[in-house]
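The values are calculated or read from the model by the stated rules, or taken from the named source; none is laboratory data. In this text, all values refer to a predicted model and were calculated from it rather than measured experimentally. Methodologically, a virtual Cβ is constructed for each residue, glycine included, from the backbone with ideal geometry; neighbour enumeration extends over all protein chains shown.
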Amino acid sequence: MLDRRTLLTTALSLGAMELFPGLSFAQARPLVFATFTGSWEEAHKAVLVPAFRKETNNAPIVLDPMLSVDQIAKVSAAKSNPPIDVMLHDPGPALTALAQDLVEPFPVERSAAFKDLIPDAQDPNGPAAFFQVVGLTYNPDTVKTPPTSWADLWRPEYKGRVGITNMNSTLGTGFMVEIAKMHGGSESNIDPAFKAMEQLKPNLSAVAANPGALATLFQQGQVDISPGNFNAIQILKAKGVPVEFVAPKEGAIAFKTLIQIVKNSPNRELAFKLIEAAISEPVQTRLMQAPYLVVPTNTKVKMTGEIARVLAKDTDDLKKKFVFQDWKTINAQRPAWIERFNREIKL
Amino acid sequence: MAVALPDVTTYPLRLASPLALFFAAFFAAPLVALLGLSLQGPDGHLGLSQYAAFLSDGFSLGVLLGTLWLGLKVTAACLVLGLPLALVATRAGGWVRGVIILAVLTPLLTSVVIRTFAWIVILGRQGVVNSLLSSLGLIETPLRMLYAEGGLVAALAQVQMPLMVLPLMTALSRIDPSLWDASEALGAGRWRTFVRVTLPLCLPGLIAGAVLTFAAAISGFITQSLIGGGQMLFMPGYIYQQAIALQNWPFAAAMSVVFLVAVLAVVLAFNALGRLARGYAQT
């Protein structure tokens, strides 16, 4: 018999199951891969996920796009039963995840593709699935002579037209370290960069809150030249925004993007297979082509297209042109640097 | 024979219990957890060291005061622009009123992100305002409006305007129009009628609107970061930076509690002002 009470109970439990699907299906949840937002998610959905499905006989997988720092916050809030199985991290957050004991070591000995990676990408805590590259970005309509060096940002003709990001992002911090190095500093001595920033102030039009906001400023003509992420610029270019990327003569800053298995993940085997697919030659070859233009870490991949044109023709060339930074040293001081940037960089 | 009739003027407390439970679980409990977290010192001991660190630091206090000041400026802008609009909307009849209500409500149906991006287009170096001014020959180099506080106040005021206008319209429409006629018949001019009759009677709506716009403006994380930029720091962005970029949860928790208390103080001050003003208006 259907009385008011049973109806209400049924409705409430159905509602609860709808709100918390984990309640009823706690045992078999799909593999959760925390990718980055935007074009990264599209690229992984289009190339990596099909490759993973093929390898695992259609194992269920969910992409959960978010920033590295948000991944760490989510996993460290539920260490024993993490809501994510595979994390994607820039070098700074990757070290934070390690320090907080959130990472399961990658089973190197079982991996077929691991040994094909560039030595810099062979990290037993999680191999680098691709590189992110920071160089100079400029608007070719307004900047007639292409810049060649970070120092060009200081040229008087760019008064009020330069954009940067603050140090919250990997891009902002990496840029400051490179500027410090140019002026005699290093990963452990950032002072010269802050001094140089004082002189950059008249040129600054914007200190964007994040790299995404910086990229959109090119669209509005708010900035004409800035340090920029290779992939973010390619997306803008594809939309018809007049913007070009060059690797400065000091070398383009390269960040390894590590792909890591989350500690206590209930889907360890599937997580391994996803990472194996991410570092494999076919997947990286496909991801390197337009429109994704992801810089590969697998030495077997032959560089073609835009990447060969503006970044590197092959692995040796890449080693010559890329600058890697010591993120262990950087990470130890980064909070203090961010605080200092808060206080000193006011327009 | 006296049969005890059920009292229909009161409702049993248990009717409120589902919502009370919901609030306890999803509002009160996290708030208590936040408080607990904020008492954790850098060395793991319990204490007030995070609060001491925040309150003894001129820079942090400056961010807090700057945020509250921003909220006051946005509220003032909403009030100055919103009150005349609400007056016109309530006194005008027919289609004028309909058009105004539609104009006030439409932005509410659009995401804050989209409205904020629209402001980037308007305020940019080659934006609508700058190109208009330079084509009129009024300026030679583009004005800096994006990533500047003036632009931020304008954008926040537009984004939060409905929160001011809607309560004002409700309050104004409750005023009996014959009061205005009576006031004028007794010799008061328009301005006097506005100050002595309209303003005191719409105070509840005005205060509700001010509290809503103030709260929304100081916590408007998206607009603050997209129009204000990365070097103009306000409390929401500062808390986000400490919690997410630096993973310094105890300090971020302490900042949140300080921010919450400061906002509550300003809201109480709004209410107190309203009560004072009402007392003055009635004498």
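Per-residue answers, yes or no, for (1) modelled with pLDDT of 90 or more; (2) of a type outside the set (S, T, N, Q):
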{"residue": "B:138", "(1), (2)": "no, yes"}
{"residue": "B:141", "(1), (2)": "no, no"}
{"residue": "B:156", "(1), (2)": "yes, yes"}
{"residue": "B:162", "(1), (2)": "yes, yes"}
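Of the residues making up region B:132-143, those that are among the polar types (S, T, N, Q) and either loosely packed, with under 11 Cβ neighbours inside 10 Å or within 10 Å of chain A (Cβ to nearest Cβ) (or both) number 2.
Considering only residues of region A:69-84 that are polar (S, T, N, Q) and touching a residue at least 40 places away in the same chain (Cβ under 8 Å), which is farthest from residue A:43 (Cα to Cα)?
Within region A:69-84, the match that is farthest from residue A:43 (Cα to Cα) is A:80.
Take the residues in region A:75-95 that are of a type outside the set (A, V, I, L, M) and in contact with a strand residue (DSSP E or B) (Cβ under 8 Å, 6 or more places away or on another chain); name whichever of them is farthest from the other protein chains (Cβ to nearest Cβ). The selected residue is A:85.
Restricting region A:123-163 to residues that are touching a residue at least 60 places away in the same chain (Cβ under 8 Å) and among the aromatic types (Phe, Trp, Tyr), the residue that is surrounded by the most Cβ atoms within 10 Å (Cβ to Cβ) is A:138.
Region B:175-283 holds helices (runs of 4 or more DSSP H) entirely within its bounds, and those carrying 1 or more residues that are closer than 29 Å to residue A:213 by Cα and under 19 Å from the mean Cα position of the chain (by Cα) map to B:203-218, B:221-228, B:235-240, B:249-282.
For region A:199-234, what are the residues that are in a helix (DSSP H, G or I), crowded, with 22+ Cβ neighbours inside 10 Å, within 14 Å of chain B (Cβ to nearest Cβ) and of a type in the set (Gly, Ala, Ser)? If the condition is that a residue be in a helix (DSSP H, G or I), crowded, with 22+ Cβ neighbours inside 10 Å, within 14 Å of chain B (Cβ to nearest Cβ) and of a type in the set (Gly, Ala, Ser), then A:215 is the only one that fits. When residues in region A:105-131 are screened for being among the aromatic types (Phe, Trp, Tyr) and assigned to a helix (DSSP H, G or I), 1 of them pass.
The set of residues in region A:273-328 that are in contact with a Leu (Cβ under 9 Å, 6 or more places away or on another chain) and of a type in the set (Gly, Ala, Ser) comprises A:277, A:278, A:305, A:312. Scanning region B:228-268 for residues that are at the interface with another protein chain (Cβ under 9 Å from one of its Cβ atoms), hydroxyl-bearing (Ser, Thr, Tyr) and touching a residue at least 40 places away in the same chain (Cβ under 8 Å) gives a single hit, B:238. Among the candidates B:52, B:103, B:29, B:92, the residue that is at pLDDT below 90 and over 20 Å from residue B:157 (Cα atoms) is uniquely B:92.
Selection of region A:182-197 for residues being in contact (Cβ under 8 Å) with a residue 40 or more places away in the chain and either among the charged types (D, E, K, R) or within 14 Å of chain B (Cβ to nearest Cβ) (or both) yields A:187, A:194, A:197. Checking each residue in region B:33-62 for being small (Gly, Ala, Ser) and assigned to a helix (DSSP H, G or I) picks out B:33, B:36, B:38, B:49, B:52, B:53, B:58, B:60, B:62. Any residue at all in region B:215-225 that is small (Gly, Ala, Ser), crowded, with 20+ Cβ neighbours inside 10 Å and within 14 Å of chain A (Cβ to nearest Cβ)? Checked region B:215-225: at least one residue is small (Gly, Ala, Ser), crowded, with 20+ Cβ neighbours inside 10 Å and within 14 Å of chain A (Cβ to nearest Cβ).
Note on region B:77-103: residues that are touching a residue at least 12 places away in the same chain (Cβ under 8 Å) and under 16 Å from the mean Cα position of the chain (by Cα) amount to 6.
For region B:107-127, a residue qualifies if it is within 11 Å of chain A (Cβ to nearest Cβ) and within 25 Å of residue B:163 (Cβ to Cβ), and the qualifying residues are B:116, B:117, B:119, B:120, B:121, B:122, B:123.
Against the numbered list (1) surrounded by fewer than 17 Cβ atoms within 10 Å (Cβ to Cβ); (2) more than 14 Å from every other protein chain (Cβ to nearest Cβ); (3) among the polar types (S, T, N, Q), residue A:333 comes up short only at (2).
Considering A:278, A:271, A:247, the condition of being surrounded by 24 or more Cβ atoms within 10 Å (Cβ to Cβ) and closer than 21 Å to residue A:315 by Cβ is satisfied by A:278 alone. Residues that are touching a residue at least 60 places away in the same chain (Cβ under 8 Å) and either hydrophobic (A, V, I, L, M, F, W, C) or touching an Asp or Glu at 6+ places or on another chain (Cβ under 9 Å) (or both) were ranked within region B:56-65; the one that is surrounded by the most Cβ atoms within 10 Å (Cβ to Cβ) is B:63. Please indicate, with yes or no, whether at least one residue in region A:132-147 is modelled with pLDDT of 95 or more, within 22 Å of residue A:345 (Cα to Cα) and part of a helix (DSSP H, G or I). No.
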